[in-house]
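K.L.:
Have a look at this one.
No lab work stands behind these numbers, since they all come straight from the coordinates. Model, not experiment: these values are computed from the prediction. Cβ coordinates were reconstructed from backbone atoms using ideal geometry, including for glycine residues, and neighbour counts include every protein chain displayed.
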Amino acid sequence: MSPFFLLLLLLLPLSLLAILSLITRPKPTKIPLKSRHVFITGGSSGIGLALAHRAASEGARVSILARSSQKLEEAKESIKLATGVEVATFSADVRDYDAVSKAVEEAGAVDVLVVNQGVFTARELERHSVEDVRFIVDVNLVGSFNVIKAALPGMKARDDGRGARSIALVSSQAGQKSRPEVTAIIAASSGSMKTEEVARRAMNGIKAGKFTVSCNFEGFLLSLATTGMSPQRSFWLAFLEVITAGPIRLVALFFQWDWYNAIEKWSKTKNK
């Protein structure tokens, strides 16, 4: 192999890194939690409760919002017992913008908003009713819009010089306690994570100012495969996204091959 060819192999990735370091936006930032207000929806159980525990243990002022007053009180007590911190609780349905807006106003200006509420109906598509789908969309999509719309003006106006503010939207299979049988079979091939571990990785990602936070290897591959026009703070990760775009597609096809095998086995068992 000629020296010129070796030099070219070296210069190409270095040139790409140099270009990415100049064009990658936004620039890296940190999101401090200590003595700042963290507002978490769906905070009475599951990932939301685990996130509230972590935020409280790191010195944040924590507010949690959920529908059930009883679950909120139980969550408040569990956080106080574990961390010694008393959190604020707000009972509201995220589908009701006025109720959400009132809760956010009472809680005070937010530094870190974690939009974590979510519902999931464990049925195959043909067994869903229109009401099921409308409920899922209203809670997961419209509810997220309502929460962000209510909190964003105060977040933008808050300028205390203590660091950037952040909005995080959480989506995870860790919160799905039941699922259609075939979905459970596919998911089992990827393993599962404990709620506390998901919360730890999610909170670390929020503090690091990441646009996408992946909690396992499959999630990381999916984030690389679907990055598209997503912002990227790290030019090193941008470099990885650029050079792995093709190979990631090959890996994805292997995952699909495994899933189709699982579906075929399930179909044969079900049709016996």
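K.L.:
I'd like the residue in region 36-58 that is in contact with a strand residue (DSSP E or B) (Cβ under 7 Å, 6 or more places away or on another chain) and among the polar types (S, T, N, Q) and, out of all such residues, is surrounded by the most Cβ atoms within 10 Å (Cβ to Cβ). Write out each step before concluding.
P.N.:
Looking only at region 36-58, we keep the residues that are in contact with a strand residue (DSSP E or B) (Cβ under 7 Å, 6 or more places away or on another chain), and these are 36-44, 48, 51-52, 55-56.
Adding the requirement that they be among the polar types (S, T, N, Q) leaves 41, 44.
Numbers: 41: 28, 44: 26.
Taking the candidates together, the pick is 41.
K.L.:
Restricting the search to region 24-35, which residues are touching a Gly at 6+ places or on another chain (Cβ under 9 Å) and crowded, with 17+ Cβ neighbours inside 10 Å? Even if it seems obvious, please write down each step before you answer.
P.N.:
Keep residues of region 24-35 that are touching a Gly at 6+ places or on another chain (Cβ under 9 Å), which gives 26, 28-35.
Scanning region 24-35 gives 31, 33.
K.L.:
Still on this model: Could you say which residue among 72, 65 is closer than 17 Å to residue 110 by Cα and either of a type in the set (A, V, I, L, M, F, W, C) or in contact (Cβ under 8 Å) with a residue 24 or more places away in the chain (or both)? Reasoning before the result, please.
P.N.:
Working: 72 fails: closer than 17 Å to residue 110 by Cα.
Checking each option against the conditions leaves just 65.
K.L.:
Inside region 196-225, can you point out the residues that are among the basic types (Lys, Arg) and either assigned to a helix (DSSP H, G or I) or surrounded by fewer than 17 Cβ atoms within 10 Å (Cβ to Cβ) (or both)?
P.N.:
Initial filter on region 196-225 (among the basic types (Lys, Arg)): 200-201, 207, 210.
200, 201, 207, listed by residue number.
K.L.:
State which residue pairs qualify: first residue within 25 Å of residue 169 (Cα to Cα) and inside region 119-141, second residue in a helix (DSSP H, G or I) in any location, beta carbons under 6 Å apart, and separation of 6 or more residues or different chains.
P.N.:
If the second residue must be in a helix (DSSP H, G or I), the pairs left are 119/136; 119/139; 121/132.
K.L.:
Can you pull out the residues in region 30-48 that are of a type in the set (D, E, K, R) and over 18 Å from the mean Cα position of the chain (by Cα)? Break it down into steps so the answer makes sense when it comes.
P.N.:
Step one: filter region 30-48 for residues of a type in the set (D, E, K, R), giving 30, 34, 36.
34, 36, listed by residue number.
K.L.:
Provide a single number: the residues in region 17-57 that are without any contact (Cβ under 8 Å) to a residue 40 or more places away in the chain and among the charged types (D, E, K, R).
P.N.:
Of the residues in that region, 1 qualify.
K.L.:
Okay, next question. State whether one or more residues within region 95-102 are surrounded by 15 or more Cβ atoms within 10 Å (Cβ to Cβ), assigned to a loop (DSSP other than H, G, I, E, B), touching a residue at least 12 places away in the same chain (Cβ under 8 Å) and among the β-branched types (Val, Ile, Thr).
P.N.:
No - not one qualifying residue is present in region 95-102.
K.L.:
Would you mind finding the one in 135, 120 that is surrounded by fewer than 18 Cβ atoms within 10 Å (Cβ to Cβ), assigned to a helix (DSSP H, G or I) and aromatic (Phe, Trp, Tyr)?
P.N.:
Matching residue, one of 135, 120: 135.
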